[in-house]
Structure formats: structure tokens, C-alpha cells
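Below is one structure, written out as C-alpha cells; the observations come after it.
Read-outs: derived from the displayed coordinates by stated rules, not from any lab. This structure is a prediction, so every number in the text was calculated from the model and none was measured. We place every Cβ from the backbone using ideal geometry, glycine too, and count neighbours over all the protein chains shown.
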Amino acid sequence: MGADIINKSVYEILVEKFTSKYGAAPEIVSYAPGRIEVLGNHTDYNEGYVLSAAINYGTFFACSPDSGTEGRLTAGDIGEEVVFNAASPEPTVKHMWSNYVKGVLASFNAVSPVPHGFKAMFLGNIPLGAGLSSSAALEVSAGMAFASLYGRDVDKLTLARYGQKAEHDFAGVKCGLLDQVSSIFGKEHCLVWSDFRTFDVKSVPLGDDVCFLMCNTHAKHALVDGAYNERRQKCEQAAAYFAAVLDHNVTALRDVSWQEWLDCRNDMDPVAAKRSAHPIGENERVLSAVDMLRGGDLAGFGRLMFESHDSSRNYFENSCPELDAIVDAAHAIPGVLGARLSGGGFGGSAVVMVSPRDEKIVSTALRNAYANKFGERCDIRAIIPSDGAHLVG
Ligand code: GLA
């Protein structure tokens, strides 16, 4: 079944569930996709570069105005509803899923309090915990629907920031803007190239000779969010060190070259040195990769993906045995161009770049290799770079 058909059925199920719960069809429906990160790991909050793509899986958010002050929000998959004051949403520990929506709504309220309540329900098909940014898809789809519901003119970057703020203030993850930007700016058959200092975002056409596989390990290691925040803090510590010793302006690791890192690494805090190697190397890899893509050098692009994973494994230590197993197996399978972990790390998914003609054979080989090692199959899906968030209908 094609991606459009799968997504259409999610949409239809959502409208049906919404109508039966709230007594009438929703007035507004929005859609936001998840994302894969192709190169540029942990570079976004270091003001660096990323190549990513919006994917063919996403979240629909349906809502209608309500005359009272209550926000009624239902998670369509589990049928749970939370009710709160739409003008003063607070984070909760009981229904964690609602924090992503409440956090976005808080940003609308910060501009000016919303004048009335709403009924809302969301439903998606992004596998949860797979590192495909289901939370960003929920934030972005909710933000787009609220902008329409309350007649607010919210530009795309501001919408992304609303999502990021929900993660920071309501979910406790000090993430960058990559997930939300990819979900909003995605374009069919293109990668999204983002510069997280200037916020320049461009589409880079991929051509027909390449596609991606997402291999969801289902691994979720303890302290994922804490480890993410700790990595970020070490990068900031390293940036402060470079700012003190280099004779040019450094406000983030984006300003530090690989050569400068080589020159300074032995004098720095060893953990900060190790961690900072990763985003510094990644920035240089993203810039080279764009040139390779433009020049049709897919093999070179793929090699950079393998290098990126090695850097995660050795310097940033955000990989895990399950992700390493996929990337190592991919290395040995003919037809694979590149492979690496995608997103925060510590579990989740690896992204594998293949030529479309090898997609099936590579998927089978990867599944078998994983099953031989861990006794269970990993979930492998074909990823089609897709358009970004939009209102539906
Ligand atoms: C997660 C975060 C992003 C980014 C990636 C790693 O997906 O939400 O902001 O930092 O990890 O590149």
C-alpha cells in the first residue's frame, strides 16, 4: 500500500473518531510529518548545518472551536482525553503526551490569551520511540491547527520555535530546532538543508537513484533525555573553551574547525574534547555532502554517513549495540551506499541509504543480520522524502 493511501486512512479514521466523540466533524485538520536526519548529528543546537527530510509518516490534528474556556484534547490511538483551561495550559506528568500540545498552546497564549476553548483529537502513524520525531509532528500539526483556529498569522520558523519551546518547557528536553524545521520545510524527493545560525533553509533535490530505509531497533536506553541534555551541556562547555583560546570569535561549535579541534583537544577537559569533535566533524561533513550530492557522487555521500556513525560511536557515545549492529551489517551488504544513526541516538532508528533497485534485497539482508544477532527482527520501512506540514482540505 502506498504512503498516500496509508495516510488517507489515518485521516479518515481520525475524522470518524472525532465525529463520534465530539458530535460533529472537525472544522480544521492539519498534518505534519516526522523526519529522518541524514547528516549533521547534534549540530542544530551548536548553530551548525543539517541535512534531513520530512518523511511519509506523520500526525493529523483535528479541532473545532468550543464556546467555553476548556481545551478538550484526545489522543486518538488510546482514546484518553485531557481537559484544561485553554488560556493557561500547564505541564502534566499524568498524560505526558498532552504536554506537546499544551506547550505549543502556551506560546499562543504568551502572545495574547486565546479567547475560547476547543475540542481536538490527533492520530498518526509514526512509530513511537523510533527517533522519527513523532513529538515534533504533534507539536507542528497542533500549532498549525491552532493558528487557523485562533486566526493567528504564525510564520514557519516561529511555528518551529513554538514546538521547540514545548519540548524545553513542557517535556524537559533541551533540543534544537531540527525536528520541527524538517517537519515544516520538507519537500517531496528533496533533502532539507538547514543552517541553524542564519535559519536559511533550502531544498536539495535527491534524484531518482537513491532512497532510504529506516531500521527501528526498538531499543530505548535509560536516561535518554538526561543524556541528550548532558551532551548539549558538554558542547556548550567546549564552545566556551574555544572562545577563550582561539583568536577569532566563537559563539558556538559552528565557529570551530576540525584543525582547531586537533590543535586544542589535548589541553581541554577530555570529555568536552571528545564530545565537541562530533558536531565539529559533522558540520564539515554536511558541507561536503551537499557538494557531493550536486555532483552526483552518491558513493562519497554514503561514505560520509558511515563516518558520521563512527563519530557518534567513538566521540559522542550516543550510539548503542543495536544501532551499531545495523550500521555494521549495512557496511557489508552490497548495494548499501551509507548508514548511520538518525536523531538523538541512544536507541531508536538507523537510516540506510540505498539505490531503489536494491531496496528489497538490502531490507531482507538487514533483517536477517539483526535477527541473527539479537534473536528478533527489526522494523524496516522505506522512507520517501515528503512535503512538510499543511492544513488538510
Ligand atoms: C533530536 C533533537 C534535535 C537534534 C537531534 C540530533 O532529534 O530533537 O534537535 O539535536 O536529536 O541531531
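Observations
- In this structure, His95 and Val271 have a Cβ-Cβ separation that, at R0 = 41 Å, corresponds to a calculated FRET efficiency of about 0.70.
- Spin-label pair Asp153/Glu16, simplified geometry with 7 Å Cα→Cβ offset, distance in nm: 4.0
- Dipole magnitude for the chain: computed about the Cα centre from +1 point charges on Lys and Arg Cβ and -1 point charges on Asp and Glu Cβ, it is near 560 debye.
- Dipole moment magnitude, nearest 20 debye, segment 67-181 about Cα centre, only Lys, Arg, Asp, Glu C-beta charged: 140
- Listed peptides 73-82, 273-282 by packing density, highest first (mean Cβ within 10 Å): 273-282, 73-82
- Placing +1 on the Cβ of every Lys and Arg and -1 on the Cβ of every Asp and Glu, with no other charges, gives segment 147-263 a dipole of roughly 380 debye about its Cα centre.
- Under 27 Å from Lys156, Cα to Cα: lysines that are on another chain or at least 8 residues apart: Lys8, Lys102, Lys119, Lys165, Lys174, Lys187, Lys202
- Here the gap between Asp200 and Lys360, fully extended at 0.36 nm per residue and compared with their Cα-Cα distance, gives a gain of 54.0 nm.
- Only one residue of Ala110, Asn125, Ser141 has its Cα farthest out toward the positive end of the dipole of segment 108-219, where Lys and Arg carry +1 and Asp and Glu -1 on Cβ, and that residue is Ala110.
- Using only alpha-carbon positions in the chain, the gyration tensor eigenvalues give semi-axes of 35, 26, 18 Å once each is multiplied by 5 and square-rooted (largest first).
- Above 14 Å, the calculated P(r) of segment 105-145 contains 57 percent of its Cα-Cα pairs.
- Tail beyond 22 Å, pair distance distribution of segment 198-294 (Cα, percent): 48
- Listed values for segment 139-147 are Karplus-derived 3J(HN,Hα) couplings in whole Hz (6.51 cos²θ - 1.76 cosθ + 1.60, θ = phi - 60°), namely 4, 5, 5, 5, x, 5, 5, 5, 4, and x replaces Gly and Pro.
- Each label point was placed 7 Å from the Cα along the Cα-to-Cβ direction; for Glu81 and Thr251 their separation is 4.7 nm.
- Per-residue HN-Hα couplings for segment 15-21 [Karplus 6.51, -1.76, 1.60; θ = phi - 60°; Hz; x = Gly/Pro]: 4, 5, 5, 4, 5, 6, 7
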